Amino acid sequence: MKGYYKNKEATEKAIDKFGWFNTEDLGYINPATGDLFISGRAKDTIVLSNGENIEPQPIEDAILSSSDLVEQVMLLRQDEKHLRAIAVVNPDALAKAGLLDEELAAGLMKDYETVNDPKCTEEDCIEACKRLEEASNRIRSKGIIIAQIRADIKKATSGAAFRKWEQVSDVYITLEPFAMGNGLLTQSYKVKRHSITKRYEHELCQK
């Protein structure tokens, strides 16, 4: 690879003096098999105020694998003491767990699916997001739901695989999914971490 077209700064950042391209992927070699595993992206690394570097992807994957309620999750708290999670909760899963009225959940699922539909119109997406946010405010006042999700996250991250500073100290719950329609997912379905942090900046500053 010769470099970026008419962009010397980007080229120097991405290609070292030996001609190797820096993908900014993080990974490790399995010593038993020699296989390479990609574990995250360097730009996603969270640096806590104590200097500890945390790769969010393995922790997020553990939470998603462990919880039936959490559909999507993103960790944050750059330069802070502890990790915090923004957790997208599925209305249907809440109803199945007996934590939400089934009729209410059915209506919210329609809005949930509208936002998740890449073909939804901007107007429909905005209206659906408003209704989901109103419902999210009510959900956040229900201690039993908050307690269950916190328990799920604690269970997922309390094993030997994670260090004490990789434990999640707080969680912010929303019913609005990370989607392309609301600008929180890329077209390749990757979480837009900066956009999500900015989207919830006011709420996160309350803690």
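Every number here is computed from the coordinates shown, using simple stated rules; none is lab data. Quick caveat: nothing in here was measured; it's all calculated off a predicted structure. No Cβ is skipped: glycine too gets one built from the backbone with ideal geometry, and neighbour counts run over all protein chains shown.
Below, the figures for the structure above:
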| item | result |
| --- | --- |
| Structure-derived Rg and Dmax of the Cα atoms in Å - corresponding label in (1) 19.3, 62; (2) 16.9, 50; (3) 17.5, 57 | (1) |
| Backbone N under 19 Å from the Arg84 label point (7 Å along Cα→Cβ), restricted to segment 164-189 | 165-178 |
| Charge dipole magnitude, Cβ of K and R +1, D and E -1 - the chain, Cα centre, debye nearest 20 | 740 debye |
| Calculated FRET value between Arg138 and His194, using beta carbons and R₀ = 45 Å, to 0.05 | 0.95 |
| Residues with amide H under 5 Å from that of Val171, placed H, sequence gap 5 or more | Ala85 |
| For Gln72, residues with placed amide H under 5 Å, excluding near neighbours | Val88 |
| Most positive-pole-ward Cα, Thr197, Ile126, Thr174, against dipole of the chain from beta carbon charges | Thr197 |
| Within a Gaussian network of the chain (alpha carbon springs, distance under 10 Å), most fluctuating of Thr197, Thr11, Thr174 | Thr11 |
